[in-house]
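Engineer: Got a structure for you, questions after.
The values are calculated or read from the model by the stated rules, or taken from the named source; none is laboratory data. Keep in mind the model is a prediction, meaning the values are calculated, not measured. In this analysis, Cβ positions are derived from the backbone assuming ideal geometry, glycine residues included, and neighbour counts consider all displayed protein chains. Ligands, DNA and RNA are stripped out before the accessible areas are found, and what is left, the full protein with its side chains, is counted by its heavy atoms. Shrake-Rupley method; radii C 1.70, N 1.55, O 1.52, S 1.80 Å.
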Amino acid sequence: MRVWKFGDDIDTDAIIPGRFLTIYDPAELAKHAFEGTRDEFAKGAREGDVVVGGTNFGCGSSREHAPLALLGAGIGVVVAKSFARIFYRNAVNTGLLPLVCPEADSIRDGDAVSVDISGGYIEANGKRLAVEPVPGFLKRIVDAGGLVAYAKNLDEVETCSTE
Amino acid sequence: MSATIAEKIFSQRCGRTVRAGEVVMAPVDAAMIHDITGPLAVRVFGEMGGERVYDPERIIMLFDHQVPADSIPAAENHVFMRQFADEQGIHNYDLLEGVCHQVVMEKGRAAPGEIIVGTDSHTCTYGAAGAFATGIGSTDMGFVLKFGALYFRVPESILVEVDGKFGRRVGAKDLILSLAGDIGADGATYMALEFTGRALHEMNMAGRMTCANMAIEMGAKAGIVRPDAATWEYVTARRDIEPFDLAGDADAGYRERRHYDVTDLAPQVAVPHNVDNVVDVGDVAGTKVDQVFIGSCTNGRYEDLAEAAEVLGTADAFADGVRVIVIPASRTEYLKALRGGLIERFVEAGALVEAPCCGPCMGGAFGLLAPGEVSLSTSNRNFRGRQGSTQALVYLASPATAAASALYGEITDPREV
């Protein structure tokens, strides 16, 4: 399992270009992930690989096609120094785990990688790096396996309740 | 207790004091879905066991990204959404009215103090009406369709106070681009921008919408213009609502207070490939352009088209070799421009005028760029590949700068035309 390293401000147009937004199937979307900006990703990504970005990963459009395209490519975890807000929430909701790693810059493209969520770290090229857990109410969604699974058994919600 | 506008809106809607940082399951006053992200929200609603939406009258549906349908899958999406609207009793504006954010505003579906969500990142536009409005993904929208509420982390706010008077042919777009350049693409992540100051309050609603629209380009969750008489005039002309006071308190716990003066502001241009990569127009003047796009939820209103037409003046034609695409943001704005003679002027000068829709901005429908081509656009994003080829270059600017550049075939300072 390897790292696919990207830079800062990776936008959702780069993750999945606008002309593919009539596709909703993750496996089909994955065929066009990073098309035009990093074509080898769609061909080379394998189950369990990890995408690593810099700051503001997933900025731009609210398109949920972006986390779906990564999931379809076999990516289960995205690591970045920081995430754009809508992408972060979409990732949690769809079952793609976004992990903030202050030291993401030290991870290199192609590094062998493993993730220990309960331990709160990832290991890239033999080096252990701490990752921040998903906070509060979003953790419950992660634990349920996404917002659909979380919401399926709810009949109603208590409006104005706090987490 | 003193509070920001964002805190006041959440407190008012929750019936108790809510502070920045708190996570609340807040009621949603209106929810907007369109043809690209809506179908996934509807599917998710079904997967969540949803049968009837929480309140069809609070749901706004329309198609604007791929209209008229540019492919069979797009046409199928439209059919799918129409069926859902019929089953659920949702009013569907369909593909007739225009770009979602313009339509929500002009139909009076956004008002001060409301909490509004939309499956589009530029939903923050309704902050021009004093609403707390934010873009969400389709799965969150599935949840909203079912429950009429959503978990929100109440954001901290940055107060943006803008004073001074704009120079000739400089305006709202130049201001918001300069702010993006200053604050940065992630400088307001998870926060609300609250706009006030003389330059903002002297601005018409079209300009305020341009500013609120681009809050997301700084990572902000919302961009709220403090409501004033102009806000209430706009909103009360469209719906039955009693005006009330909604302002951030002077001693509220703002994360930051930023002060700007627009008096000496030059026309601004965002250069490829990031919205915060902003320079004075003079720095890129002379750059050849292949396509100029005047339109979008950012700058497709009558006032924007009038600004472009004023620069066009009595010139016979746009420069040879430049494709000029003009797309009014809505049917209403189109009619205003038509009746005002603007459309005739644009067509005479050689522009393609298209029916209201997102057009080249979403990079999927039409108006796409070939490798190596250069576009100057009044829209909101210049990401690599945003308007077609990843080898194309997109510059962002105001309608005045767009018109000046279309006249000369290269990026041109509108003050020198």
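Engineer: Above 47 angstrom, tally the Cα pairs of the protein assembly as shown and express them as a % of all pairs, no decimals.
Structural biologist: Value for the protein assembly as shown: 8 percent of Cα pairs lie more than 47 Å apart.
Engineer: Tell me, which residues of region A:1-19 get at least 20 Å² less accessible area when the other protein chains come in, versus the chain alone (1.4 Å probe)?
Structural biologist: Residues passing the criterion (a loss of at least 20 Å², heavy atoms only) are A:D9, A:D11, A:D13, A:G18, A:R19.
Engineer: Report the net charge of residues surrounding B:Y93, where surrounding means a beta-carbon distance below 13 angstrom and charges are Lys +1, Arg +1, Asp -1, Glu -1.
Structural biologist: The answer is -1.
Engineer: Using the Cβ atoms and a cut-off under 12 Å, what net charge is assigned to the surroundings of B:F366, where Lys and Arg are +1 and Asp and Glu are -1?
Structural biologist: Combined, the nearby Lys, Arg, Asp and Glu give 0.
Engineer: Still on this model: Evaluate region B:208-285: find the radius of gyration of its Cα atoms, find its Kirkwood radius, and give the ratio Rg to Rh.
Structural biologist: 1.05
Engineer: Something else: Using 0.36 nm per residue, how much length does the chain from B:R19 to B:H201 gain when fully extended, once their Cα-Cα distance is taken away?
Structural biologist: Full extension of this stretch gives 62.9 nm more.
Engineer: Can you give the Kirkwood hydrodynamic radius for chain A, in Å, rounded to one decimal and based on Cα pairs?
Structural biologist: For chain A, inverting the mean 1/r across all distinct Cα pairs yields 16.0 Å.
Engineer: In nanometres, what is the gap between the two model label sites at B:T263 and A:R140, each 7 Å from Cα along Cα-to-Cβ?
Structural biologist: Here the answer is 5.4 nm between the modelled labels.
Engineer: Still on this model: Once you have the Kirkwood Rh of region B:283-417 from its Cα pairs, apply Stokes-Einstein at 25 °C and 0.890 mPa s and quote D in µm²/s.
Structural biologist: Roughly 172 µm²/s, to the nearest whole number.
Engineer: Further question: Let me know the charge dipole size of the protein assembly as shown about its Cα centre in debye, to the nearest 20, where only the beta-carbon of Lys, Arg (+1) and Asp, Glu (-1) is charged.
Structural biologist: 540 debye
Engineer: Calculate, in nm to one decimal, what B:D55 and B:M1 gain on full extension: separation in residues at 0.36 nm each, minus their alpha carbon distance.
Structural biologist: 16.1 nm
Engineer: Excluding ligands and nucleic acids, what accessible area in Å² is computed for B:F166 using a 1.4 Å probe, to the nearest 10?
Structural biologist: It works out to around 60 Å².
Engineer: Next up: Going by accessible area, probe 1.4 Å, with all protein chains left in place, what is the ranking of A:E35, B:E202, largest first?
Structural biologist: In descending accessible area the options line up as B:E202, A:E35.
Engineer: Express the carbon and sulfur contribution to the solvent-accessible surface of region A:42-163 as a percent, rounded to the nearest whole number, probe 1.4 angstrom.
Structural biologist: 48 percent
Engineer: Give the B-A buried accessible area in Å², both sides summed, 1.4 Å probe, nearest 100.
Structural biologist: Using a 1.4 Å probe, the pair buries roughly 4000 Å².
Engineer: Provide the net charge surrounding B:R258, with neighbours chosen by a C-beta distance below 13 Å and charges set as Lys +1, Arg +1, Asp -1, Glu -1.
Structural biologist: -4
Engineer: Given the protein chains as shown and a 1.4 Å probe, how many square angstrom of B:T17 are accessible, to the nearest 10?
Structural biologist: 90 Å²
Engineer: Quick check: at a probe of 1.4 Å, how many percent of the accessible area of chain B sits on carbon and sulfur atoms?
Structural biologist: After summing per-atom areas, the C and S share lands at 48 percent.
Engineer: Could I ask something else about it? When only the heavy atoms of the protein chains count and the probe is 1.4 Å, how do A:V79, A:V148 rank by accessible area, highest first?
Structural biologist: Order by accessible area, largest first: A:V148, A:V79.
Engineer: Just to compare against my own numbers: the Cα pair-distance distribution for region B:152-263, 5 Å bins, whole % per bin, please.
Structural biologist: Reading the bins upward from 0: 2, 12, 22, 24, 20, 13, 6, 1, 0.
Engineer: Probe radius 1.4 Å, ligands and nucleic acids left out: which of B:I72, B:I176 has the largest accessible area, and how do the rest follow?
Structural biologist: Ranked list, largest accessible area first: B:I72, B:I176.
Engineer: Given Cα positions, please report Rg to Rh for region B:10-101, the hydrodynamic radius being the Kirkwood one.
Structural biologist: We get a ratio of 1.06 for region B:10-101.
Engineer: Rounded to the nearest 20 debye, what is the charge dipole size of region B:280-378 about its Cα centre when +1 sits on each Lys and Arg Cβ and -1 on each Asp and Glu Cβ?
Structural biologist: Dipole size: approximately 360 debye.
Engineer: Region B:370-417: which residues show an accessible-area loss of 30 Å² or more, assembly versus chain alone, 1.4 Å probe?
Structural biologist: B:F383, B:R384, B:R386, B:T390
Engineer: Applying 1/(1 + (r/R0)^6) with R0 = 45 Å to the Cβ-Cβ distance of B:A306 and B:A370, what FRET efficiency is obtained, to the nearest 0.05?
Structural biologist: The formula returns an efficiency of 0.90 here.
Engineer: With a bin width of 5 angstrom, please list the P(r) values of region B:239-336 as percents of all Cα-Cα pairs, from the 0 bin to the one holding the largest distance.
Structural biologist: Each 5 Å bin holds this share of Cα pairs: 2, 8, 11, 16, 17, 15, 12, 8, 5, 4, 1, 0.
Engineer: List the residues of region A:72-116 whose accessible area drops by at least 40 Å² when all protein chains are present, compared with their chain alone, using a 1.4 Å probe and counting only protein heavy atoms.
Structural biologist: At a threshold of 40 Å² (probe 1.4 Å), the residues of region A:72-116 that become less exposed are A:R85, A:I86, A:R89.
Engineer: Using the heavy atoms of the protein chains alone and a 1.4 angstrom probe, what is the accessible area of region A:9-73 per residue in square angstrom?
Structural biologist: 29 Å²
Engineer: Now a separate question. To the nearest 10 square angstrom, what accessible area does B:F80 show with a 1.4 Å probe?
Structural biologist: 60 Å²
Engineer: Okay, moving on. Can you give me the accessible area per residue for region B:163-270, using a 1.4 Å probe, in Å²?
Structural biologist: Ligands and nucleic acids excluded, the figure is 38 Å² per residue.
Engineer: Can I ask one more? Please name which of B:P73, B:S2, B:I33 has its Cα lying farthest along the dipole of region B:1-88 towards the positive end, using unit charges on Cβ (Lys, Arg +1; Asp, Glu -1) and the Cα centre as origin.
Structural biologist: B:S2
Engineer: I would also like to ask the following. How large is the translational diffusion coefficient of chain B in µm² per second when you combine the Kirkwood radius over alpha carbon pairs with Stokes-Einstein at 37 °C and 0.692 mPa s?
Structural biologist: Approximately 154 µm²/s, per Stokes-Einstein.
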